Amino acid sequence: NNIKKIDELRIVSNFNLERILTIFDNLSSLSLMELETRKKDYELLGYSTNTINGYKHRIYSYPIYITLMVIIGGIIMLNIRHNKSKIFHIIIGILVSVVIYYINFFFNVVIETQNVPYLFSIWMPQLILAMIVAINLIRLNEK
């Protein structure tokens with residue numbers, strides 16, 4: 001039942017103030033090596049490392065995503081007749097971009113709700129785009 005007022009409290013810890021403040025920074029600007037050290041810090045604190053694993057998989061999947069975008073652009077350009085107007089080309093490009101954006105947005109919302117594993121929400125848009133690319137490449141080859 002005794003109450004003491006303490007002006008200064010010192011706690012001995014393995015973490016210094018700078019390290020504690022950097023643990024909760026934005027993860028999207030970190031490299032793979034920095035993410036790995038951040039993952040070890042999270043494990044020491046007992047936090048979940050799912051978000052760090054998700055960012056690592058996003059880094060791994062980004063080159064595949066860019067490759068699929070280039071292939072989709074090539075398929076669109078090879079499938080559209082040259083006698084169409086430039087407005088038609090612009091509209092088709094914008095529509096395809098919006099559809100791809102909303103596919104990625106949908107799966108990013110799914111990962112935030114954490115109802116599904118992060119691997120599903122990161123790699124599923126690439127799988128969908130890869131299936132679209134495969135189907136259209138087969139159609140293009142048949143012509």
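Each residue in the range 117-143 was checked for being over 18 Å from residue 62 (Cα atoms) and not β-branched (Val, Ile, Thr), and 9 of them qualify. Summed over the range 81-137, the residues that are small (Gly, Ala, Ser) and either surrounded by 12 or more Cβ atoms within 10 Å (Cβ to Cβ) or in contact with a strand residue (DSSP E or B) (Cβ under 8 Å, 6 or more places away or on another chain) (or both) give a count of 4. Looking at the range 38-62, which of the residues that are free of Cβ contacts under 8 Å to residues at least 60 places away in the same chain and open to solvent by 80 Å² or more (accessible area, probe 1.4 Å) is farthest from residue 124 (Cα to Cα)? Of everything passing the filter in the range 38-62, 44 is farthest from residue 124 (Cα to Cα). Scanning the range 85-143 for residues that are of a type in the set (Gly, Ala, Ser) and at pLDDT below 85, which turns out nearest to residue 68 (Cα to Cα)? It comes out as 93.
The values are calculated or read from the model by the stated rules, or taken from the named source; none is laboratory data. Source: prediction; values computed, not measured. Here Cβ is always computed from backbone atoms with ideal geometry, including for glycine, and neighbour counts include all displayed protein chains. Keep in mind that these areas ignore ligands, DNA and RNA; they rest on the heavy atoms of the full protein, side chains included. Shrake-Rupley method; radii C 1.70, N 1.55, O 1.52, S 1.80 Å.
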